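Here the structure is laid out as structure tokens; the discussion comes afterwards.
The values are calculated or read from the model by the stated rules, or taken from the named source; none is laboratory data. As the structure is a prediction and not an experimental result, all values here were calculated from the model. Ideal geometry is used to build each Cβ from the backbone, glycine not excepted, and the neighbour counts take in all protein chains shown.
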Amino acid sequence: MTVRLHALVCLALVCLGLVLALGLPIAARAAGDTGLSTFVAATVADAGSSNREARSRATEAVPLDRMAPVERQIAEQAIRQTTLYRHLPRASITCDAALLDFVLTKPETLVEVWRVLGISMLALDPAGPARWRLSDGFGTVGTVRLLHHERNGRGGFYVFHGRGAYEGPLAPKQLTGSCLVVVRHSADPAAATGRPRQTVQIDAFLDVDGLGLEIVTRTLQPLIVHSAATNLHEISLFVSQFSAAAIRNPMAVARLTDRMTRIEPQDRRTLAALASGKTGGTHPAESHRPVEDDVQTELAARWMNTDQLDAVQRR
């Protein structure tokens, strides 16, 4: 089994949903094991909606009047030229709002956690303020930009724009295009565990260039739709598990983040502190914590097979 985590939210969350990063790479990996038809049948039943009403609501929610002129023009053009719109099903993440805000505005930190754990080939490298270069290792490359970011007492609102290309086994030629991804999150007051929980909603506006339009709309749309929902679910689950591990064992997670050599030291420390729900204070005594390998294995277990987990434990 290969990892299903991908930059959908970072899309994130990311989702950042860069062109066809919404679905093609994950589908390509799944196709290698079970075939495309089996993959589509096995994905989540609720894959969201593309209806006109949902699209209209999502368009109206984009705060164009509060965006800078250049960013507003990019967003307006993306909405106007949409090939495929998708309103993804809601996802629930058990973590503080501050942690979710951090990984949405600095998605490279979450991607680096995956790299250190060995569960993803995704690379998301800063290319300037609120800009990143993306490569997923399976044929998708491009750039991502955070056009707009708001946070208030109710939650957060983020508008990402991606531009890139996919070249791989699911398309006879290179596909290029762009994607506007709107991410919203708010506190879930009905959290039964007593821990803070965030509800995440994502709307994606995808525009595919030229001859790629027919390939996507007639052949690949079901894969993009279903795997986008699956990616959001998997990323949400990982963030919840990461936060739970940090609360239970902050020292081990802090040491894990120390290995994130591509990330600035201050951002590593901030990620570990926010994940544990603490911005200071003392760590629990060494004798009362699990060993670091247990935390690493726990975080990686869902996305690795037995041989891969054995290799992680031998590090």
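Looking only at residues of the range 275-291 that are surrounded by 10 or more Cβ atoms within 10 Å (Cβ to Cβ) and in a helix (DSSP H, G or I), we find that the one that is modelled with the highest pLDDT is ALA275. Between ALA254, ALA272, the distinction of being touching a Leu at 6+ places or on another chain (Cβ under 9 Å) and assigned to a helix (DSSP H, G or I) belongs to ALA272 only. Annotation: SER92 fulfils all but one of (1) buried (at least 18 other Cβ atoms within 10 Å of the Cβ); (2) part of a strand (DSSP E or B); (3) not β-branched (Val, Ile, Thr); the unmet one is (1).
Quick check on my filter: what residues within the range 130-154 are modelled with pLDDT of 90 or more and more than 27 Å from LEU175 (Cα to Cα)? Passing the criteria: HIS149, GLU150, ARG151. When ALA187 is tested against (1) surrounded by fewer than 24 Cβ atoms within 10 Å (Cβ to Cβ); (2) modelled with pLDDT under 90; (3) under 19 Å from ALA91 (Cβ atoms); (4) aliphatic (A, V, I, L, M), just one condition goes unmet, and that condition is (2).
Against the definition (more than 14 Å from LEU206 (Cα to Cα), outside any strand (DSSP E or B) and either at pLDDT 90 or above or of a type in the set (A, V, I, L, M, F, W, C) (or both)), how does ALA78 come out, yes or no? First the steps, then the outcome.
Working: more than 14 Å from LEU206 (Cα to Cα): no; outside any strand (DSSP E or B): yes; either at pLDDT 90 or above or of a type in the set (A, V, I, L, M, F, W, C) (or both): yes.
Judged against the criteria, ALA78 is not a match.
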